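Have a look at the structure below before the remarks.
The values are calculated or read from the model by the stated rules, or taken from the named source; none is laboratory data. Values in this document were obtained by computation on a predicted structure and should not be read as measured data. Don't worry about glycine lacking a Cβ; one is built from the backbone with ideal geometry, like all the others, and counts go over all protein chains shown. Accessible surface areas use protein heavy atoms only, side chains included; no ligands, DNA or RNA. Shrake-Rupley method; radii C 1.70, N 1.55, O 1.52, S 1.80 Å.
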Amino acid sequence: MSQPNQPKAFPVSWDQFHRDARALAWRLAGQGHWDAIVAITRGGLVPAAIVARELDIRLIETVCVASYHDYKSQGELKVMKGVSEDVIKLGGGEGAGVLIVDDLVDTGKTAKVVREMMPKAHMATVYAKPMGRPLVDTFITEVSQDTWIYFPWDMGLTFQPPIRDGAA
Ligand SMILES: O=P(O)(O)OC[C@H]1O[C@H](OP(=O)(O)OP(=O)(O)O)[C@H](O)[C@@H]1O
Ligand SMILES: O=c1[nH]c(=O)c2nc[nH]c2[nH]1
Ligand SMILES: [Mg+2]
């Protein structure tokens, strides 16, 4: 189970996230036409907005899943809102033509639950860890399982002690 106190840290700035999400859009653009995006809230909302802008996708749905209830442990996975039948049926059923977007896949628990709702959808994340990687069709950057990704919306500017004072 991943935790923010993982030994390795991968901090991502807004600029970096925008570049990586755009790179994801470039990759997806070469793979066909998408009728709709299903964003996995909340982390998937940000890359979904960027991908939707780049690929001119106007039909955006959410699936509301929460798995990490505090910053210490992965709680039970909860689906708070599913995907509308209209979106699932779009490209002929089972999510064909639908792009599922999330910020990352870690253990793959979240991706597995959402994929089961739309088996023919295309799952895309910006980042992936090895355990979850088999559940994702397209991603940009892989980090090791013992790395915690720090997203820009979870961070703020803070003082950094000089390296000579023992900063890691
Ligand atoms: O592959 P997994 O182990 O399931 O973990 C990945 C999920 O965990 C995080 O969401 P989280 O449930 O923390 O909610 P949030 O998007 O609202 O931050 C992240 O945004 C992914 O959706
Ligand atoms: O901010 C986050 N960083 C991560 O590495 C992660 N893994 C699951 N959920 C996560 N949230
Ligand atoms: Mg999430």
Amide H neighbours of VAL105 at under 5 Å, excluding residues fewer than 5 places away on the same chain, with H built from the backbone geometry, are TYR127, ALA128, LYS129
Just THR41, THR158, THR125 to compare: in a GNM of the chain, with alpha carbon springs under 10 Å, which one fluctuates most?
-> THR158
Rolling a 1.4 angstrom probe over the protein heavy atoms, how many square angstrom per residue are accessible across the chain?
-> 56
Each residue of the stretch 147-155 in turn: what ³J(HN,Hα) in whole Hz from Karplus with 6.51, -1.76, 1.60 and θ = phi - 60°, glycine and Pro shown as x?
-> 10, 9, 8, 9, 7, x, 6, 9, 10
27 Å Cα cut-off, lysine pairs counted over the chain (separation 8 or more, or different chains) | 26
Computed ³J(HN,Hα) along the stretch 95-101: with the Karplus parameters 6.51/-1.76/1.60, θ = phi - 60°, integer Hz and x for glycine or proline, the list is x, 4, x, 9, 9, 9, 10
At a 1.4 Å probe radius, which order do GLU76, GLU94 fall into by accessible area, largest first?
-> GLU76, GLU94
SER144 - accessible surface, heavy atoms, 1.4 Å probe, Å² rounded to 10 = 50
At 0.36 nm per residue, minus the direct Cα-Cα distance, what do TYR150 and SER67 gain on full extension? Give it in nm, one decimal, please.
-> 28.2 nm
Given backbone amide H placed at 1.01 Å from N, residues whose amide H is under 5 Å from that of ALA36, ignoring those fewer than 5 places away on the same chain, are LEU99
Summing -39500 (n - 2.57) over the DSSP H runs of n ≥ 4 in the chain and dividing by its residue number, what mean residue ellipticity at 222 nm do you reach, to the nearest 500 deg cm²/dmol?
-> -7000 deg cm²/dmol
The simple spin-label model distance between GLU76 and HIS18, using points 7 Å out along Cα→Cβ, in nm, is 4.1
Given a Förster distance of 25 Å, the FRET efficiency implied by the Cβ-Cβ spacing of ASN5 and ARG42, rounded to the nearest 0.05, works out to 0.70
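Whats the longest run of the chain with zero trypsin sites (Lys or Arg not before Pro) that are DSSP loop and have at most 10 other Cβ atoms within 10 Å? Please report the intermediate quantities before stating the final value.
Working: sites that count: ARG58, LYS72.
No qualifying site falls inside 73-168, the longest such stretch.
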If you take the square roots of the eigenvalues of the alpha-carbon gyration tensor of the stretch 21-63 and sort them as a ≥ b ≥ c, do you get rounded (a/c under 1.5), prolate (a/b over b/c) or oblate?
-> oblate
